[in-house]
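Novice: Before anything else, here's the structure in question.
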Amino acid sequence: LEVDLGERQIFSWSYVPIRLLQNFTPNFKGSNVSLDLFKGADGILGGSGPSLSCRNTTVWTVLMQKLNVSSFFLDFHPPKSSIFNDSLPSRIVFNEVDPTAAKMLWSQPKQTGDLINDAMHEMLIYKPKVCGVDLLYNASSNWLTILDTSGPCLSFPPFLFDRLRTHIPVDCPFKQGDISQGRLCSPAQVDGQRVKLPSLSFQLEDSREPMPSSIDLALERLVFRNSSGHELLCVARQDNNDIATPANMMYSYAHIAFGSMVASALNIAVDMRNGSMGISPRGDPKAESSEAGCAKSPTCVGMQSFFPPMNVCED
């Protein structure tokens, strides 16, 4: 493991075999991770906290301790397949934040003791909105969000994905409310012209007077081209295969996840002392986004009432 600290430093450990996991299916009706997953494993390679390891330590935590790291900054850049590819390398910067980054807003300190996600860097986001609509509406004012760069996409629990999909201009290979089976939607086209996507905004504290500032995530920065050149939006619907699971962020696979492409669209810093996360947008989300393609609201009649998250009139 090589670290650039002004001069090259190499941290080495004795030889440790790595076992790749293939065709692993979590047990969704019990714990979301089978204990069989860790049989014969001595540890975990990645940026997770020590509580995820059976030995209560990881390569990452040992590195943090050796370098006396109190915070780190994710200087991630879009992958080559992204329509925002800048061909720059990604890196993790210890104990400082890029001075050119936009002013960061900080989350509340992390609450420890989460049996499932305690090893992850997590926060609460408030009032996530798209096209001016609060996606949480009648569910909650906030939702648990995990920084999980083991995957690339912005991932939502089913009910939140379905609400988002209702409002933004996308074409999906699966019906509304159906499981995605790993498939992604594509930005919609009208008369052969691709429609620009809106931004997703959220707060890091609850509403008050004066209103707290919000952070804009340009969904355009989550668009990439696959091997055939087809554009896909890296916003995923988490399939938990259990329709009985309620919209409750304390259930397994019910959180929002910020993947590596999200990290490349935002400046993200983590304070290791209290677990808070600092976030600001990269680029110019307002210039990169447009609400022109947002779904139009229906006109309700009679005794119908309008339900904003799903953009429908209910009897």
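The values are calculated or read from the model by the stated rules, or taken from the named source; none is laboratory data. Quick caveat: nothing in here was measured; it's all calculated off a predicted structure. In this analysis, Cβ positions are derived from the backbone assuming ideal geometry, glycine residues included, and neighbour counts consider all displayed protein chains. Areas reflect the complete protein model, heavy atoms only, side chains present, ligands, DNA and RNA absent. Shrake-Rupley method; radii C 1.70, N 1.55, O 1.52, S 1.80 Å.
Novice: Could you check how many residues of the stretch 165-186 are of a type outside the set (Val, Ile, Thr), under 13 Å from Cys294 (Cβ atoms) and touching a helix residue (DSSP H, G or I) at 6+ places or on another chain (Cβ under 9 Å)?
Specialist: 1
Novice: Restricting attention to the stretch 40-85, and to residues there that are among the aliphatic types (A, V, I, L, M) and under 23 Å from the mean Cα position of the chain (by Cα), which single residue is modelled with the highest pLDDT?
Specialist: Of everything passing the filter in the stretch 40-85, Ile83 is modelled with the highest pLDDT.
Novice: Restricting to the stretch 186-215, what's the tally of residues that are open to solvent by less than 50 Å² (accessible area, probe 1.4 Å) and over 22 Å from Ala139 (Cβ atoms)?
Specialist: Residues flagged as open to solvent by less than 50 Å² (accessible area, probe 1.4 Å) and over 22 Å from Ala139 (Cβ atoms) within the stretch 186-215 amount to 5.
Novice: Search the stretch 61-87 for residues that are more than 21 Å from Ala101 (Cβ to Cβ) and pair each with any residue that is at pLDDT 95 or above and not charged (D, E, K, R) when their beta-carbon atoms are under 7 Å apart and the residues are at least 6 apart or on different chains.
Specialist: Pairs that qualify, where the first residue is more than 21 Å from Ala101 (Cβ to Cβ) and the partner is at pLDDT 95 or above and not charged (D, E, K, R), are Ser81/Phe224; Ile83/Val223; Ile83/Phe224.
Novice: If we keep just the residues of the stretch 139-157 that are outside any strand (DSSP E or B) and under 19 Å from Lys129 (Cβ atoms), which is nearest to the chain's Cα centre (by Cα)? I'd like the intermediate steps shown before the answer.
Specialist: Step one: filter the stretch 139-157 for residues outside any strand (DSSP E or B), giving 139-141, 148-153, 157.
With the extra rule that they be under 19 Å from Lys129 (Cβ atoms), the set shrinks to 139-141, 157.
Details: Ala139: 19, Ser140: 18, Ser141: 18, Pro157: 11 Å.
Here the answer is Pro157.
Novice: For residues that are among the aliphatic types (A, V, I, L, M) and out of contact with any helix residue (DSSP H, G or I) (no Cβ under 7 Å at 6 or more places or on another chain), scanning just the stretch 216-229, find the one that is surrounded by the fewest Cβ atoms within 10 Å (Cβ to Cβ).
Specialist: Val223
Novice: Let me ask another. So, in the stretch 90-138, how many residues would count as being out of contact with any Cys (no Cβ under 7 Å at 6 or more places or on another chain), in a loop (DSSP other than H, G, I, E, B) and either open to solvent by less than 20 Å² (accessible area, probe 1.4 Å) or not aliphatic (A, V, I, L, M) (or both)?
Specialist: Summing the residues that are out of contact with any Cys (no Cβ under 7 Å at 6 or more places or on another chain), in a loop (DSSP other than H, G, I, E, B) and either open to solvent by less than 20 Å² (accessible area, probe 1.4 Å) or not aliphatic (A, V, I, L, M) (or both) in the stretch 90-138 gives 23.
Novice: Here is a follow-up. Give me the pairs, please: first residue somewhere in the stretch 221-233 and farther than 14 Å from Asn85 by Cβ, second residue anywhere and assigned to a helix (DSSP H, G or I), beta-carbon distance under 7 Å, and either six or more positions apart or on two chains.
Specialist: Every condition considered, the pairs that remain are Leu233/Leu219; Leu233/Leu222.
Novice: Taking the conditions exactly as written (within 18 Å of the chain's Cα centre (by Cα) and under 20 Å from Pro285 (Cβ atoms)), does Ser213 satisfy them or not?
Specialist: The answer is no for Ser213.
Novice: Just to be sure I understand the filter: pairs with C-beta atoms under 6 Å, separated by 6 or more residues or on different chains, first member in the stretch 140-158 and farther than 17 Å from Arg237 by Cβ, second member open to solvent by 20 Å² or more (accessible area, probe 1.4 Å) and in a strand (DSSP E or B). Which pairs pass?
Specialist: Listed by first residue and then by second, the contacts come to Asn142/Leu124; Leu147/His121.
Novice: Give me a count of the residues in the stretch 275-312 that are touching a helix residue (DSSP H, G or I) at 6+ places or on another chain (Cβ under 9 Å), under 21 Å from Ala188 (Cα atoms) and open to solvent by 50 Å² or more (accessible area, probe 1.4 Å).
Specialist: Going through the stretch 275-312 one residue at a time, the tally reaches 3.
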